[in-house]
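Notes to accompany the following structure.
The values are calculated or read from the model by the stated rules, or taken from the named source; none is laboratory data. No experiment lies behind these values; they were computed from the predicted model shown. With ideal geometry, Cβ positions are generated from the backbone for all residues, glycine too; neighbour counts draw on all protein chains shown.
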Amino acid sequence: MSRAFREALVALWRTGTVGVLSAVAVGASLLLVGVFVQVIDAARGLSASVKDRVEVEAYLKDRASRSKVQELAEQIAGLSGVVDVTYIDKQAASKEFRKMFGNELLDALSENPLPASIRVRFDPTGDVTVSAREVIAMVEGNDLVESIDGGEAWLSGLDRALEVATGVGVALGLVLCVACTFAVSNTSKLMVLAQREAIEVMRLVGATRAFVRTTFLIGGAVQGTIGGCLAALILLGTSGMTTSWFMVDASIPITTLGSGLVLLGFLLGVLGSWTSLNRVLQAIAS
């Protein structure tokens, strides 16, 4: 393996500027993949933080009895995804209103016009949209409920936007991975052609096809790993700036993402070399 590694480095060195540009192209593509992963991860984190504040509030009629309201609240609490059900009486609603909008509006009225309500909160790790729909379906049309403030429409829009963003990010990531593979594949072809005479000498002294193949697979792996390291270093160097922009809600540590890019570069390098070796080596052998 040590000899194969040395031969791989020699072959990669002989590609000259093409090899350097190919490694840089792999690094740039992997950097974009890393940025897409960061953006999607941050978007999912932001979505989870927004859903953590989602509430469904069922406003009650003035004639609703406390016992029936308690019964309705217990039924809602039994639904999946519901983590908290709170009864807000008219006095508590008045205090909340005064805290947000001041005292002037209510002081101008002779009596408190705000209704009592049942406030429902959900588990942000679950499907908040589905849970909110279930709560709305349960309380809608109930004789105790005057109106419902659910926000289900914008929750559905948020889920659709996140699905579209994830799909676009995955598609672009796959395209960039294919581009990395082609870049390494073309450089591997040049490595084989540059080492044509060396390959013939290796075979004359007893080198097996597996040894020759391993040499160039190692070359592709080195090239992909260099590209992955470049991408990881740039991400690490700009982590402070990206955190202030859009990584506040991200859950993937930057070191984990950088290590993943290095590993992905290694795998794409091996794959790119493998796709070009059979045809080129057979052409040389013939």
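So which helices (runs of 4 or more DSSP H) are wholly in region 72-190 and hold at least 1 residues that are within 25 Å of the chain's Cα centre (by Cα) and within 30 Å of residue 36 (Cα to Cα)?
Numbers: elements: 90-101, 104-107, 128-139.
So the answer is 128-139.
I'd like to check something: does region 70-86 contain any residue that is on the phi > 0 side of the Ramachandran plot, surrounded by 15 or more Cβ atoms within 10 Å (Cβ to Cβ) and outside the structural domain of residue 224 (by TED's automatic domain parsing)?
So in region 70-86, the residues on the phi > 0 side of the Ramachandran plot come out as 81.
Narrowing further to those that are surrounded by 15 or more Cβ atoms within 10 Å (Cβ to Cβ): 81.
Keeping just the survivors that are outside the structural domain of residue 224 (by TED's automatic domain parsing) gives 81.
Looking for residues that are on the phi > 0 side of the Ramachandran plot, surrounded by 15 or more Cβ atoms within 10 Å (Cβ to Cβ) and outside the structural domain of residue 224 (by TED's automatic domain parsing), one finds at least one in region 70-86, hence yes.
Which of the residues that make up region 111-128 are over 29 Å from residue 67 (Cβ atoms) and loosely packed, with under 12 Cβ neighbours inside 10 Å? Show your work before the answer.
Initially, region 111-128 is screened for residues over 29 Å from residue 67 (Cβ atoms), giving 124-128.
If the condition is that a residue be over 29 Å from residue 67 (Cβ atoms) and loosely packed, with under 12 Cβ neighbours inside 10 Å, then 125 is the only one that fits.
Which condition breaks for residue 108 when tested against (1) surrounded by 14 or more Cβ atoms within 10 Å (Cβ to Cβ); (2) of a type outside the set (Ser, Thr, Tyr); (3) outside the structural domain of residue 252 (by TED's automatic domain parsing)?
It fails just one condition, (1).
Residues 94, 117: which one is hydroxyl-bearing (Ser, Thr, Tyr) and touching a strand residue (DSSP E or B) at 6+ places or on another chain (Cβ under 6 Å)?
117
Taking region 87-105 on its own, how many of its residues are more than 17 Å from residue 148 (Cα to Cα) and either exposed (fewer than 13 other Cβ atoms within 10 Å of the Cβ) or of a type in the set (D, E, K, R) (or both)?
The number of residues fulfilling the criteria is 11.
Tell me yes or no: at least one residue of region 41-62 is surrounded by fewer than 18 Cβ atoms within 10 Å (Cβ to Cβ), modelled with pLDDT of 80 or more and in a helix (DSSP H, G or I).
Taking every residue of region 41-62 in turn, none turns out to be surrounded by fewer than 18 Cβ atoms within 10 Å (Cβ to Cβ), modelled with pLDDT of 80 or more and in a helix (DSSP H, G or I).
Would you say residue 26 is surrounded by 15 or more Cβ atoms within 10 Å (Cβ to Cβ), over 38 Å from the mean Cα position of the chain (by Cα) and either part of a helix (DSSP H, G or I) or not assigned by TED's automatic domain parsing to the domain that holds residue 128 (or both)?
Taking the combined requirement at face value, the residue does not satisfy it.
Looking at region 215-241 only, could you name the residues that are buried (at least 18 other Cβ atoms within 10 Å of the Cβ) and either outside any helix (DSSP H, G or I) or modelled with pLDDT under 85 (or both)?
We begin by selecting, within region 215-241, every residue buried (at least 18 other Cβ atoms within 10 Å of the Cβ); these are 215-232, 234-235.
Answer for region 215-241, where residues must be buried (at least 18 other Cβ atoms within 10 Å of the Cβ) and either outside any helix (DSSP H, G or I) or modelled with pLDDT under 85 (or both): 215, 216, 217, 218, 219, 220, 221, 222, 223, 224.
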